[in-house]
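The structure appears right after this line, and notes come after that.
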Amino acid sequence: MSALVLVLLASGAGLLLDFLVTGLHPVFSVGLLLASIPAAHAWALRRTLRMNPKLTPEYARNMALASVAGQAGCLTVMLIFMALFAGMFLDSRLDTHPVFTIGLVLLSVPVSLYAMIRLMLSSVAAIRTATPEAMTAPGAADHAMTKENGS
């Protein structure tokens, strides 16, 4: 719930800045919204770990890496929006209306897909599963990382 409040506050601050600075151009509202999502996710994870002292540091590390992999889609959206706004800015300054906008958006799609795949693969590869020796330790059954189907 607190993470949702953080995202809503960032969105409200972005709208206020859009109104005061850019004359309702959605630069700050979109930027602050997209920047607040990973921050809110990290804050919620930290609060969860603080509230449950039974969780091990290894489990917390794995959860953080899984959340990074889950936020890879946000990276794609952020890169495409940045390309869109950069193209709109360049087109307005150089008076070449759709040229830079279309070009940068088309260029950002494969770049963002590559970045998303690299981020997901590197974060998933860094997740450590429990070894059989660690699973036999007392209390390790609570933190054992097993597959969902039980195999």
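Each reported figure results from applying straightforward, stated rules to the coordinates on display, with no laboratory input. Just so it is clear, the structure is predicted and the values come from calculations on it, not from any experiment. In this analysis, Cβ positions are derived from the backbone assuming ideal geometry, glycine residues included, and neighbour counts consider all displayed protein chains.
Taking 0.36 nm per residue of separation and subtracting the Cα-Cα distance, what length does fully extending Ala35 through Met63 add?
Taking Ala35 through Met63 to full extension adds about 8.1 nm, to one decimal.
Fully extended, how many nm does the chain gain between Leu9 and Trp43 (0.36 nm per residue separation, minus their Cα-Cα distance)?
Full extension of this stretch gives 10.8 nm more.
Counting only other residues whose beta carbon sits under 12 Å from that of Ala40, what net charge do I get with K and R as +1, D and E as -1?
+2
Which trypsin sites (Lys or Arg not before Pro) from segment 1-73 combine a DSSP loop assignment with at most 11 other Cβ atoms within 10 Å?
Within segment 1-73, the qualifying trypsin sites (Lys or Arg not before Pro) (loop, at most 11 other Cβ atoms within 10 Å) are Lys54.
State the extension gain, in nm to one decimal, for the chain segment bounded by Leu107 and Lys54, taking 0.36 nm per residue of separation less the distance between their alpha-carbons.
14.4 nm
First measure r as the distance between the Cβ atoms of Val21 and Arg128, then evaluate 1/(1 + (r/R0)^6) with R0 = 30 Å and state the FRET efficiency to the nearest 0.05.
0.10
Just how far, in whole angstrom, is segment 44-62 from segment 1-27 if you go by their alpha carbon centroids?
Segment 1-27 and segment 44-62 have Cα centres spaced 30 Å from each other.
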